[in-house]
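Let me begin by presenting the structure, written as C-alpha cells, before commenting on it.
The values are calculated or read from the model by the stated rules, or taken from the named source; none is laboratory data. Computed from a predicted model, the values in this text were never measured in an experiment. Reconstructed Cβ throughout: ideal geometry from the backbone, glycine too, with neighbour counts over all protein chains shown. Ligands, DNA and RNA are stripped out before the accessible areas are found, and what is left, the full protein with its side chains, is counted by its heavy atoms. Shrake-Rupley method; radii C 1.70, N 1.55, O 1.52, S 1.80 Å.
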Amino acid sequence: MDSLNAFAADKLAALDAASLKRTLKPTGRTDGVHVERGGRTLISFSCNDYLGLSHHPKVKAAAAAAIEAWGTGSGASRLVTGDNPLIGELETRLAKLKGTEAACVFGSGYLANAGIVPTLTGERDLILIDELAHACLWAGSQLSPARTVMFRHNDVAHLEALLIEHRAAHRRALVLTDGVFSMDGDLAPLDRLTTLCAAHDAWLLSDDAHGVGVLAEGRGSSFAYDGVHPPLQMGTLSKAIGGYGGYLCASRPVIDLIKTRARTVIYSTGLPPASAAAAIAALDVIETDKALTGEPVRKARLFTRALGLPDAQSPIVPVIFGAAEAALAAQQALETLGFLVVAIRPPTVPADTARLRITFSALHADADVLRLAEAVQALLTRKAA
Ligand SMILES: *Cc1c(COP(=O)(O)O)cnc(C)c1O
C-alpha cells in the first residue's frame, strides 16, 4: 500500500477500535420530523430544524420562486456579482430581529465564525473562549494569530480572573461563547458575560445557532435576559430557520469592516438566492407565530419532566452514557423502536461523556415525546442495573 492509503487505513482502524469511526448514513427528511433511513421510516429526535420550517409551504414556495427568478447559484463572491438583492433584504430582517444597526450574511455558520474571529483579532490580541464552545469558534480562533485562552464552561468568575490576569498585556480582547451550548443545551449567562466584558473592554461574541427562532419568542438567547446584549450576535440560518447560511448582527462599522475584510465573505461564493428567500419567509413565520417558537422548549420540558431531569432550557437535552459503545448501543435500541436519536461521541464531546443528544421540534406529537421518554428511562434503568 502507498503511504497515503496506509496512513488513512491505519487511522481508520484505530478509530474503529475505539468506537470512534463515523460513517454517513443516507437519510431523507420527508417532513419536519420523519426520516427515511435504511428502508425504514423513523421519528427523528436528532434534527435541528426545530420549527419544521425546512418543509413549511410558504418557505418552500419562496425558495422555489427565487430559483425561478434568479437560478440555483449566486455565481460569484458577494463582492463581485454574487450579492443578490435578497441577501441585503435578509440582512435588514436579521438586524431588525436582533435589534442591531446592521447584519452580514455568510455561506454558513461555520464560515461566519471562521471569518469574524480573525477579522477582529490579530497578533497582539487576546481571545478568551468557553471550553465547550462550538468547533467553528475554535476554528476561527485557530485562524487568528491572537493568543487564545480557554475559560471553564459558563464560569463567569474564571473569565473575570483571566481578564484581570491577561487583558492589560493585550491590545484587544474578544470573548467567544455559544448562547445555547450545542451538545448540552444549557444557556450561557449572557447578561453577566456582557456586563463583565464591557467592564474590561473585551468584545463578546455569542453564537446563537440554537437560540434564534426558539428562545424569547424567536429573538434568541440574549433576549432571554433583560436589557443588555452582546455587541456581536452571530447565528445560523440552518437550524430553526430551516435553510442554510450564517449571519452576524452588529453595529454598522463592525459589519462594514466584516464585509470588507472577512476572508470567508471575500473568497467564498455568495449564498444561493433561494436560501436567502427561504430564510426571509422563515423569519416571517417566526415573527408572526410566537406560539410556535415556544413549542420546541415546551416539548423538551415534557421530556425532562417525564424523566425527572432538571427542566430543559432549550430544545436540546443530553442523556449521558459515558462510553462511546454504550451511547451507540442506546441509539441502536431506540432505532429498533422507531426513533432516530443519534449518539454523539468524542471528539465532538469531551472524553467519557458520549451521549444521546435529543432535540425537540414543534412538530413532535406529545405522545411520541412521552413514548421516547419511557424508552430512554428503560435504557437508563438497564444501564444502572
Ligand atoms: C451548527 C452550529 C454552527 C454552524 O452552523 P452551520 O450553519 O451549520 O455551519 C455554529 N455554531 C453552533 C453553536 C452550531 O451548533
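Observations on the structure shown:
- Using a simple spin-label model with pseudo-atoms 7 Å out from Cα toward Cβ, ASP284 and LYS58 lie 0.6 nm apart.
- Taking region 229-250 and a reference point 7 angstrom along Cα→Cβ of GLU101, the backbone N atoms nearer than 11 Å belong to 250.
- Helix-only mean residue ellipticity at 222 nm for the chain, each DSSP H run of n ≥ 4 adding -39500 (n - 2.57), per residue, nearest 500: -13500 deg cm²/dmol
- Here region 110-258 was treated as a single set of alpha-carbon atoms; its pair distances binned every 10 Å from 0 give 12, 46, 36, 6, 0 percent.
- Packing-based order for 303-315, 121-133, 28-40, using average beta carbon neighbours within 10 Å, highest first: 121-133, 303-315, 28-40
- Pairs of alpha carbons in region 137-219 whose separation is greater than 20 Å (percent): 35 percent
- Averaged over residues, the count of other Cβ atoms within 10 Å places the peptides 326-339, 104-117 in the sequence 104-117, 326-339, highest first.
- Split the accessible area of region 147-215 by element, probe 1.4 Å, and carbon with sulfur accounts for 54%.
- In this structure the chain gives 44 Å² per residue of accessible area when probed at 1.4 Å with all protein chains present.
- Against the empirical 2.2 N^0.38 Å (N residues), the chain has a Cα radius of gyration ratio of 1.00.
- For region 273-359, the fraction of 1.4 Å probe accessible surface lying on carbon and sulfur atoms is 57 percent.
- Partners for LYS25 among aspartates and glutamates (Cα-Cα distance below 14 Å; same-chain residues under 8 apart left out): GLU36, GLU335
- Computing FRET efficiency as 1/(1 + (r/R0)^6) for ASP31 and ALA384, where r is the C-beta to C-beta distance and R0 is 35 Å, gives about 0.45.
- Solvent-free Debye calculation, one equal scatterer per alpha-carbon of region 1-108: log10 I(q)/I(0) at 0.16 Å⁻¹ equals -0.98.
- Qualifying lysines (Cα of each under 23 Å from Cα of LYS58; at least 8 residues distant if same chain): LYS96, LYS98, LYS239, LYS290
- Separation of the GLU335 and ASP366 label points, Cα + 7 Å toward Cβ, nm: 3.2 nm
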